[in-house]
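Note sheet for the following structure.
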Amino acid sequence: MGASELYRILRESEDRLFRVWLYHVRKAGDIWHNPINDEDFKIFFFVVMSALETFDQDLRHNIFIWSPDDESFLGKEIVKHAGCHRDRGMAVELFLGYFKTLISCIEDAVADMDVTDRERSLATAKLRRVADFAEMAAIAEWERPVNAGTAHKAGAAEQTATQATSEKILSAIFTSVGEGILLVDEDFEIVKANRRASEIYGLLEQNLIGTDIRSLTDGAGSRVLTRYFDELIEGRSLSAEISSVYVDGKTFPATVTVTRSDFDGKRYWPIIVRDDTGQRTLEKQLRHEKQQTDEMNLTLKTVMKSIEQDRKDFESRVAAKIRTSLLPSLKKIDRASEAGVRKSYLALLEEQLVSLTASFEKQLDAGLLKLTKTEIEVCRLIQAGCSSKDICDAMKLSVETVQTHRRNIRRKLALNGKKLNLHTYLMNRVL
């Protein structure tokens, strides 16, 4: 089953997924005290499925980096939806709870599908990556002031509350996203890191803080990050595949997505880090499987070519037998005047036809058609291993007559002057 088929089945399961999602939401009880309905589910489901299909085309495409002028932004619906619930007083944790419940339902549906482990792992990885970016988009909308003009009129108490909320939202981003996240300042120093980033680099979170981001990659990766920091404008992002460095000095493949965010007159770069070791292993396995498939196809083509050549050879042999053995028999029968002779030739022709449909283990010989009925009988006795005396007794012929028949047979079969006895020659002939 391919990715497109898997997504089609998920889309067709929308009604069932809604019922499962609603069951889990209601089962949570008082935690889900805010109103939720099927419209919320449809928006969530549309965003997730559209994002999954976009990721299937380009895994490095950051589909949830928002720009007001970017009409292709798939997360705009969830951003708008998040803003509506924020304005109604819903907490960001509650909104994300609804969304994460849907992600869990879809993961369970994928787990129950009749697909290979590789296809299930790929679908789950893409689903979780979509979930991470969707959460970031929703949380970023929660952080945006409802009315930018009112920010200047806010008092000290409101500013303090806003700052606390921002800290809470930032903490929610760093703890909920499944990929590694680093927040880097203008000096290339890491000012915040989540637990997943610590696992990726093998460093404790407190040890990551203050580390130069360029020390966590090789020279080529360092140049890429430096260029991104120089070129990026606020709100935009760039992705690249680089070699990152583990705590023991070993390198591993990683994909980094760098975004620029300006705050209080300073520039910061949130960096999402994904360890691609598993993906590279999978890609290597896929290349190996493809190579094996190509080799099997080549072998199959060779076998098919051999079979086709065997068929042509068989047809050629059959045509040759018909031309050299059967057609002369028909002419011999046509010219024979005695009924006994015709009957003998017909018997020989019948055996030759049977040999054509059975096998070519015994050879047909046009020279046999030159023999008389008596000579054919002598040949059959010789083929059976009878001596000249046995032939005399069986056919009531004299020794001289049998010897004459044997000389005539060798002459008609072009055996004169050859060191080959009749018994050996006739063993592989049809009589």
Inset, instruction - List 136, 90, 296 from most exposed to least, where exposure is judged by having the fewest other Cβ atoms within 10 Å. - result: 296, 90, 136
Legend entry - Above-threshold pairs, the threshold being 19 Å between Cα atoms, out of 42/100; 332/396; 343/396; 331/396; 126/250: 332/396; 343/396; 331/396; 126/250
Inset, instruction - Would you list, by chain and number, the aspartates and glutamates whose Cα falls below 20 Å from the Cα of residue 370, excluding same-chain residues fewer than 8 positions away? - result: 334, 338, 350, 351
Legend entry - Net charge over other residues, Cβ less than 15 angstrom from the Cβ of residue 331 (K, R count +1; D, E count -1): +4
Inset, instruction - Give the Cα extents of segment 293-347 along the principal axes, in whole Å, largest first. - result: 66, 15, 8
Legend entry - Footprinting exposure proxy for 21, 269 (fewest neighbouring C-beta atoms within 10 Å first): 269, 21
Legend entry - Footprinting exposure proxy for 200, 242, 233, 43 (fewest neighbouring C-beta atoms within 10 Å first): 233, 43, 242, 200
Legend entry - Proximal lysines relative to residue 290, as straight alpha-carbon distance under 18 Å, when same-chain residues fewer than 8 apart are discounted: 301
Legend entry - Cubic angstrom per residue, convex hull over Cα atoms of segment 198-264: 98
Inset, instruction - Please provide three numbers in whole Å: the alpha-carbon extents of segment 191-230 along the principal axes, with the largest listed first. - result: 27, 17, 14
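Every read-out reported here was derived from the displayed coordinates using simple, explicitly stated rules and does not represent laboratory data. Predicted model only: the values in this text are computed from it and were never measured. Here the Cβ is made from the backbone with ideal geometry for all residues, glycine too, and neighbour counts use every protein chain on show.
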